[in-house]
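Presented below is the structure to which this report refers.
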Amino acid sequence: MAMTIVSPRFLRRGLELFAAISLAGFVGLLFYGNNLNRFLEAMVTLRWGWLVLGIALASLDWVGGGLRLWVLARHVYPGVTLRGSMVAGG
């Protein structure tokens, strides 16, 4: 059984691909809804505090996933870094 080590570059490319697909889906739904004016009105009245809270909660999920990976992986691969685990957990 061959083991493949996932490089940071490979993980970064995967994250970029995920972001591009998400953005394409968002733009597709925006055009499908065919109501750009209502979307722009909603963006102007957005409560920025809730946006910051949502980003903070998403970051906690990323950090928590990375910590979980680091705790589990460091026993198998002693050279695993916390930063690398957090990137993989994202």
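Does region 56-65 contain at least one residue that is without any contact (Cβ under 8 Å) to a residue 24 or more places away in the chain, more than 30 Å from VAL6 (Cα to Cα) and open to solvent by less than 70 Å² (accessible area, probe 1.4 Å)?
No: region 56-65 contains no residue that is without any contact (Cβ under 8 Å) to a residue 24 or more places away in the chain, more than 30 Å from VAL6 (Cα to Cα) and open to solvent by less than 70 Å² (accessible area, probe 1.4 Å).
Step by step: first the residues of region 44-55, then only those that are in a helix (DSSP H, G or I) and farther than 17 Å from LEU15 by Cβ, then the one that is least open to solvent (accessible area, probe 1.4 Å). Which residue is that?
In the first step, residues of region 44-55 are kept if they are in a helix (DSSP H, G or I); the result is 44, 48-55.
Still in the running and farther than 17 Å from LEU15 by Cβ: 44, 48-54.
On the way: VAL44: 120, TRP48: 150, GLY49: 57, TRP50: 169, LEU51: 72, VAL52: 99, LEU53: 81, GLY54: 38 Å².
Looking at residues that are in a helix (DSSP H, G or I) and farther than 17 Å from LEU15 by Cβ, I get GLY54.
Return yes when LEU29 is open to solvent by 60 Å² or more (accessible area, probe 1.4 Å) and either outside any helix (DSSP H, G or I) or at pLDDT below 85 (or both) and no when it is not. Walk me through how you get there before you give the answer.
Numbers: open to solvent by 60 Å² or more (accessible area, probe 1.4 Å): yes; either outside any helix (DSSP H, G or I) or at pLDDT below 85 (or both): no.
No: the conditions fail for LEU29.
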Looking only at region 14-26, and only at residues there that are open to solvent by less than 100 Å² (accessible area, probe 1.4 Å) and at pLDDT 90 or above, the one that is nearest to GLY79 (Cα to Cα): GLU16
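Conditions (1) over 18 Å from the mean Cα position of the chain (by Cα); (2) outside any helix (DSSP H, G or I); (3) of a type outside the set (S, T, N, Q), marked per residue:
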site	(1), (2), (3)
ALA42	yes, no, yes
GLY64	no, no, yes
VAL76	yes, yes, yes
GLY79	yes, yes, yes
ARG83	no, no, yes
Tell me, please, whether a residue that is out of contact with any helix residue (DSSP H, G or I) (no Cβ under 6 Å at 6 or more places or on another chain), basic (Lys, Arg) and under 27 Å from ARG83 (Cα atoms) can be found in region 37-55. no
LEU11 - would you say it is aliphatic (A, V, I, L, M), open to solvent by less than 70 Å² (accessible area, probe 1.4 Å) and in a loop (DSSP other than H, G, I, E, B)? no
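The values are calculated or read from the model by the stated rules, or taken from the named source; none is laboratory data. Please read these numbers as outputs of a predicted model, since none were measured by experiment. Ideal geometry is used to build each Cβ from the backbone, glycine not excepted, and the neighbour counts take in all protein chains shown. Surface accessibility is based on the protein's heavy atoms, side chains included, excluding ligands, DNA and RNA. Shrake-Rupley method; radii C 1.70, N 1.55, O 1.52, S 1.80 Å.
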